[in-house]
Structures are given as structure tokens and as C-alpha cells.
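Engineer: Okay, here's the structure, questions in a sec.
The values are calculated or read from the model by the stated rules, or taken from the named source; none is laboratory data. The shown structure was predicted, so the numbers you read here are calculated from the model rather than taken from an experiment. Cβ sites come from the backbone with ideal geometry, for glycine too, and all protein chains shown count toward neighbours. Just the protein is used for accessible areas: all its heavy atoms, side chains included, with ligands, DNA and RNA removed. Shrake-Rupley method; radii C 1.70, N 1.55, O 1.52, S 1.80 Å.
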Amino acid sequence: GSTEEIASITRLLSEAGHTHTAFWLDVRGPIGIGKSHLVEEAVRRRGAGPVLRIVARPATKLRPFALARRMLTGLYHHLSGDSRAPETRESFVRALAPLAGDLGPFLNALWYLAAPDALNLKAPDPDPLTFRRTVDRGLERLLAKLAAHEPDLVLVLDAYDLADTETRTFFEAAWCTNGGALPAVIATTRLDEPPQQQASTTLILEALVSRD
């Protein structure tokens, strides 16, 4: 039942916090089964540490790095306390100041993703492959800084099956190679979605299945 599943999630989060190993929990089930509520209740009962919840929408799948953009906006809200989207590069960079460090080479690419569409910014690099690599490295560096700054933070990716291909590719590569330095993640997906290669544990309905 849900009580056992909630207890399993809180236990897994606690274990991940003690071992500092890569943690990506894939919570899978049919639409409407209550995946989001289950995760919300589990992180609430955990008690310790903040939660950064990012929700994908149907349109998220249609735009490159759309989920990453939503994540950057959510991170801006979390760090700045401002519920509005960042309106200027200066306000965005100021919010990231606690994490800044060596983010300098990546700030233009990160701001390009987070900036309002009305600004109609041009990509910082005209070469798509170079820009893609810069974004991937910048996102990974940013999330590593976030994990170091707030080690108890949990990143919840709700409706992850609606994520765009570019962001999914980034997450898979980053968590498979360097997940131990990145935040703990809980992602909710539909049952019929392909398995997530970066998932360390999968919760399917009421059955907990761990990857060897």
C-alpha cells in the first residue's frame, strides 16, 4: 500500500544522504494512480532539507531544453525568494551568486535558457553542437554546486515522461557518470515509458525494484 511505498522512499532518501551515492528514483505508474501525491507525501514526511519541484507540461516535450528552462526558473525562485520569472541577466546571476564559483563560462548559456521569450535573445554560440556542450556542462556544474550548497535538497521532476529529448539526454549522461556529486532526484513517469538508464531504483505501483 501507499504507506509502505512512502516509507520506502523516505528510507532510500536517507540512505542516499548517508552514502553520498548517485540517487535517481523513478516512480512509475498509470496516469491518475497518484504518483505525484505519493512523492509529495514522502518528501514531506522526510522532514529535513528543501524540495525543488519541477513539473513538465505537454508543451515541454516540444521545445529543446524546455524542462531545463523550467528547472532554472524554479531554481531562481528557490534561491531568490522571488516568485516571478527572472527578467534580467543581472537578477538571474545575482540569484545564482551562492553557487557562482566557476560558473562564469556558462552563465550566458544558462541565462539564454532562463530568459523570457520576449527578450528574443540570440544563442551565445552560433554552432549548435558547441552550444549544446556548453549548456550540458553548465547545467551539470550548476547542479553540482547546488548539491554542495544544499546537500539535503531533493529535485522532484513531475511528469518526467513529458520532458524534451535534450533535457532527458542531459540528465541521463550526467547522472550515469557523475550522479554522486549531483542532487537526489525523484522523477514520476507513466508506466509505459521506456526505463530510465540513470535510475538507481524504480518504484512501480506498489512494488519496489532495485537495479543491480
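Engineer: Does region 78-88 include one or more residues that are open to solvent by less than 30 Å² (accessible area, probe 1.4 Å) and either among the β-branched types (Val, Ile, Thr) or within 19 Å of ILE54 (Cα to Cα) (or both)?
Structural biologist: Yes, because at least one residue in region 78-88 is open to solvent by less than 30 Å² (accessible area, probe 1.4 Å) and either among the β-branched types (Val, Ile, Thr) or within 19 Å of ILE54 (Cα to Cα) (or both).
Engineer: I'm trying to understand the selection: among the residues of region 52-85, which are in contact with a Phe, Trp or Tyr (Cβ under 8 Å, 6 or more places away or on another chain) and at pLDDT below 95?
Structural biologist: Listed by number, the residues that qualify are ASP82, ALA85.
Engineer: What pairs come up if the first residue lies in region 147-163 and is farther than 19 Å from THR21 by Cα, the second is of a type in the set (Asp, Glu), and their beta carbons are under 6 Å apart, counting only those six or more places apart or on different chains?
Structural biologist: ASP161/GLU193
Engineer: Give the residues of region 98-133 that are open to solvent by less than 60 Å² (accessible area, probe 1.4 Å) and part of a helix (DSSP H, G or I), sorted by residue number.
Structural biologist: LEU99, GLY104, PHE106, LEU107, ALA109, LEU110, TRP111, LEU113, ALA114, THR130, PHE131
Engineer: For region 19-28, does any single residue satisfy the condition of being open to solvent by 30 Å² or more (accessible area, probe 1.4 Å), in contact with a Ser or Thr (Cβ under 9 Å, 6 or more places away or on another chain), outside any loop (DSSP other than H, G, I, E, B) and among the polar types (S, T, N, Q)?
Structural biologist: Let us first name the residues in region 19-28 that are open to solvent by 30 Å² or more (accessible area, probe 1.4 Å), namely 19-22.
From what's left, in contact with a Ser or Thr (Cβ under 9 Å, 6 or more places away or on another chain): 21-22.
Among the residues that remain, those that are also outside any loop (DSSP other than H, G, I, E, B) are: none.
Scanning region 19-28, I find no residue that is open to solvent by 30 Å² or more (accessible area, probe 1.4 Å), in contact with a Ser or Thr (Cβ under 9 Å, 6 or more places away or on another chain), outside any loop (DSSP other than H, G, I, E, B) and among the polar types (S, T, N, Q), so the answer is no.
Engineer: Being among the basic types (Lys, Arg), buried (at least 19 other Cβ atoms within 10 Å of the Cβ) and not in a loop (DSSP other than H, G, I, E, B) is the requirement here; does ARG70 meet it?
Structural biologist: The answer is yes for ARG70.
Engineer: Check region 179-190 and report whether any residue there is open to solvent by 10 Å² or more (accessible area, probe 1.4 Å), touching a residue at least 40 places away in the same chain (Cβ under 8 Å) and over 23 Å from ASP102 (Cα atoms).
Structural biologist: yes
Engineer: If you scan region 147-160, which residues turn out to be assigned to a helix (DSSP H, G or I), at pLDDT below 95 and within 13 Å of the chain's Cα centre (by Cα)?
Structural biologist: Taking region 147-160 as the starting set, the residues that turn out to be assigned to a helix (DSSP H, G or I) are 147-149, 160.
With at pLDDT below 95 added as a condition, the list becomes 147-149.
Correct list: ALA147 only.
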